[in-house]
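Novice: One structure follows; several queries about it will come next.
The values are calculated or read from the model by the stated rules, or taken from the named source; none is laboratory data. Here the structure is a predicted model, which is why all the values come from computation and not from measurement. Note: ideal-geometry Cβ built from the backbone for every residue, glycine included; neighbour counts use all protein chains shown. All accessible areas refer to the heavy atoms of the entire protein, side chains included, with ligands and DNA or RNA removed. Shrake-Rupley method; radii C 1.70, N 1.55, O 1.52, S 1.80 Å.
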Amino acid sequence: MEVSQKKQVYLFYCSECEDLAQKVASQSDFITLQTIKWRSFDDGFPNIFINNAQVLRGQHVAFLASFSSQGVIFEQLSVIYALPRLFVASFTLVLPFFPTGSFERMEEEGDVATAFTLARMLSNIPISRGGPTSLVIYDIHALQERFYFGDHVLPLFETGIPLLKQRLHQLPDSDKIVVAFPDDGAWKRFHKQLDHFPMVVCNKVREGDKRIVRIKEGNPAGYHVVIVDDLVQSGGTLIECQKVLAAHGASKVSAYVTHGVFPKRSWERFTHKDGLEKAFAYFWITDSCPLTVKAIANRAPFEVLSLAGSISEALQT
């Protein structure tokens, strides 16, 4: 049987993603890092130079992006639009976290679904010699967002759940794990990938002016319960879920999210500080949000599960 050959890929990256890019390149001899000069003019607008552009003709090229704030999106889009025009054989954009994914619907007339806006911006990436751009995204908030993209890009939706499963099997109490979901949406999103674990599903019910987290189904008593969701912002829902699970007899509670967004340093609510109760035994995130990874380095209960191996495989498929 003929063995498929891996393709040589030239990988560019934004400044935030340098550490992740180096990890990706270390996974394969077929991935070569390339650099960009990220400069600015005096007025603040980008002054960008793609190094070694002349050697990219006929090569497979990729860009590792991080849209962590509005301020960095324009400079990265400038490069993303330029690379396919350098007569490359194919172009792949790796955007581990699609930041406007949770703003995908309109509740009332006047709401702006910015997930659609960003999808339209990425849909205008020029076609390369090899055809449409491959767009790699991890655990996008809603799978129907696939249909927000135009025909110039081919979304490849990946997941960080295999990294979590691998880590759970390494735990000393791996035979006493229950997976919990903070709401029905998270259950629908992930339960099929975790169906060999017992499960607990929580939901929010309204009591007067408050929304209270309750256990909808499942029993956490005596188990190490791992709450699973796609992303965390302030972390309020996870904290309320932890309290309910502990009150119902969970021996330990941990959490996993693919995207640790944590605006305004909200990760500080989860750190193990002297004299404070350690509510979460572990808090696993991936390195999809590089600024968070740097902020929580060496701070319990956080552990980073790297997407580098998965990205390396995606680049060579």
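Novice: Just for strands (runs of 3 or more DSSP E) wholly inside region 210-317: which have at least 1 residues that are at pLDDT 95 or above and open to solvent by less than 30 Å² (accessible area, probe 1.4 Å)?
Specialist: Because the criterion is at least 1 residues that are at pLDDT 95 or above and open to solvent by less than 30 Å² (accessible area, probe 1.4 Å), the strands (runs of 3 or more DSSP E) in region 210-317 that meet it are 224-232, 252-260, 283-286, 302-305.
Novice: From the list 47, 52, which one is surrounded by fewer than 17 Cβ atoms within 10 Å (Cβ to Cβ) and either within 22 Å of the chain's Cα centre (by Cα) or closer than 21 Å to residue 129 by Cα (or both)?
Specialist: Working: 47 fails: either within 22 Å of the chain's Cα centre (by Cα) or closer than 21 Å to residue 129 by Cα (or both).
After applying the criteria, what remains is 52.
Novice: Same structure, new question: Output the qualifying pairs, or none if there are none: Cβ atoms under 7 angstrom, residues six or more apart or on different chains, first residue in region 163-175 and free of Cβ contacts under 8 Å to residues at least 12 places away in the same chain, second residue hydrophobic (A, V, I, L, M, F, W, C) and surrounded by 11 or more Cβ atoms within 10 Å (Cβ to Cβ).
Specialist: 174/168
Novice: Shifting gears a bit: Return the residues of region 68-94 that are crowded, with 17+ Cβ neighbours inside 10 Å, modelled with pLDDT of 95 or more and among the hydroxyl-bearing types (Ser, Thr, Tyr); say none if nothing qualifies.
Specialist: 90, 92
Novice: Taking residue 218, is it touching a strand residue (DSSP E or B) at 6+ places or on another chain (Cβ under 9 Å), assigned by the TED database to the domain that holds residue 241 and at positive phi?
Specialist: In short, yes.
Novice: Related question: Looking only at region 1-41, how many residues end up being out of contact with any Pro (no Cβ under 7 Å at 6 or more places or on another chain), open to solvent by less than 70 Å² (accessible area, probe 1.4 Å) and of a type outside the set (Gly, Ala, Ser)?
Specialist: Selection size over region 1-41: 16.
Novice: Can we say residue 109 is charged (D, E, K, R) and modelled with pLDDT under 95?
Specialist: So residue 109 fits the description; yes.
Novice: Name the single residue that is nearest to residue 258 (Cα to Cα) among those in region 200-209 being assigned to a strand (DSSP E or B), open to solvent by 50 Å² or more (accessible area, probe 1.4 Å) and not acidic (Asp, Glu).
Specialist: 204
Novice: Can you tell me which residues in region 154-192 are part of a helix (DSSP H, G or I) and either open to solvent by less than 10 Å² (accessible area, probe 1.4 Å) or among the hydrophobic types (A, V, I, L, M, F, W, C) (or both)?
Specialist: 161, 163, 164, 168, 186, 187, 190, listed by residue number.
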